[in-house]
Amino acid sequence: MDYGETCAPSRLFRGIIEGFWFSEIDAAGEKTFEILPDGNFDLIFILRNSCCSLLFAGPYTRTAVMPICAGKYFGVRFRPGKMPNLADIQPAELVDHMVQLPRMSGESLDFLGEGLMAAEGMEARRALVESIFHKIGLELSGRRTLSDHCTDLITSCHGRIKVHELARRVGTSVRTLERVFVRNLGVSPKLFIRLVRLQHAVARLKDGAAPSLTELAYMCGYADQSHFIKDFKEMVGRVPSKA
């Protein structure tokens with residue numbers, strides 16, 4: 001699915017939100033959307049006529065296909081590992097899964113949908129959703145915890161770090177990291193590192209940053225091309241291609 005219009009979050013939410021996007025699919029548009037493995041959580045508002053539905057998704061550890069219908073889609077993409085506290089849902093419940101929320105922090109979805117439909121442009125849509133987040137103090141969840149510190153370290157080095165090195169750098173044990181990650185992110189630190197590294201590789205494939213798969217493998221921290229291809233195929237379901 002074409003993400004269409006995009007915009008960055010305001011300064012207040014940069015610690016937890018990666019960005020916003022808006023796309024409109026007509027009746028003749030594509031019918032599925034491929035979700036590649038990543039460590040992100042996403043909110044997706046689906047706007048059809050006068051109704052609004054809301055999906056809460058991620059992280060995905062394998063490629064999935066989401067069916068889509070004609071309508072307008074507004075998405076909030078949270079930074080890797082930054083799950084917003086919007087419902088009584090544990091992170092593990094969203095791994096390779098998405099759930100439909102009946103409301104968002106007490107706000108009627110149809111009310112939110114009407115506001116998003118009436119808003120003129122991405123900045124207005126961003127401001128509307130951020131105003132709801134501000135009411136519930138969501139930006140405060142950007143306060144740094146152990147898991148925040150770890151995910152920031154992992155993303156800053158694009159997943160080029162081992163779990164034992166991560167534990168050493170944050171001053172804790174591997175066993176503690178395992179508990180913290182599963183509780184707060186739904187996945188182990190080793191798997192989260194793989195997801196971040198894979199996403200970096202996918203981004204480099206798209207922008208053509210490396211002239212060959214061998215150089216891309218080394219650039220992304222894999223031992224060699226064969227390890228890169230094996231990891232990519234295991235998680236994405238196909239071999240990488242620069243085409």
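Brief remarks on what is shown
- Using every pair of separate Cα atoms, the Kirkwood estimate puts the hydrodynamic radius of the chain at 19.0 angstrom.
- Using a simple spin-label model with pseudo-atoms 7 Å out from Cα toward Cβ, GLU34 and GLU215 lie 2.4 nm apart.
- Links that overshoot a 24 Å alpha carbon limit, given the list LYS162/LYS233; LYS31/LYS230; LYS82/LYS233; LYS31/LYS190; LYS31/LYS72; LYS82/LYS162: LYS31/LYS230; LYS82/LYS233; LYS31/LYS190
- Nonpolar atom fraction for segment 86-243, defined as the carbon and sulfur part of the 1.4 Å probe accessible area, stands at 52 percent.
- Rounded tilt (10° steps) of 109-118 against the dominant C-alpha axis of the chain: 80 degrees
- Using only side-chain charges placed at the Cβ, +1 for Lys and Arg and -1 for Asp and Glu, the dipole size of the chain relative to its Cα centre rounds to 1040 debye.
- Cα long-axis angle, helix 189-207 against the chain (0 to 90 degrees, to the nearest 10): 80 degrees
- Whole-number percent relative contact order across segment 1-124, with pairs defined as alpha carbons under 8 Å at least 6 apart: 29 percent
- P(r) weight above 22 Å for segment 48-127, C-alpha pairs, percent: 31 percent
- Its relative contact order, with pairs defined as Cα atoms under 8 Å and 6+ residues apart, puts the chain at 19 percent.
- Bridge type composition, the chain - antiparallel percent by DSSP, nearest 5: 95 percent
- Estimated [θ] at 222 nm from DSSP helical runs (n ≥ 4, -39500 (n - 2.57)) normalised by residues in the chain, nearest 500: -11500 deg cm²/dmol
- Backbone phi angles across segment 89-94, fed through the Karplus curve with coefficients 6.51, -1.76 and 1.60 (θ = phi - 60°), yield HN-Hα couplings of 10, 8, x, 4, 5, 9 Hz in residue order; Gly and Pro are listed as x.
- In this simple spin-label approximation, LEU146 and ASP26 carry label points 7 Å from Cα along the Cα→Cβ vector, and these lie 5.4 nm apart.
- When you restrict to C-alpha pairs under 8 Å that are six or more residues apart and normalise by the size of segment 127-243, the relative contact order lands at 18 percent.
- On the principal axes of its alpha-carbon atoms, segment 84-202 has extents of 50, 29, 26 Å, going from largest to smallest.
The values are calculated or read from the model by the stated rules, or taken from the named source; none is laboratory data. Given the structure is predicted, the values throughout are model-derived calculations rather than measurements. Backbone-built Cβ (ideal geometry, glycine too); neighbour counts: all protein chains shown. Protein only, heavy atoms only, side chains kept; ligands, DNA and RNA dropped before computing areas. Shrake-Rupley method; radii C 1.70, N 1.55, O 1.52, S 1.80 Å.
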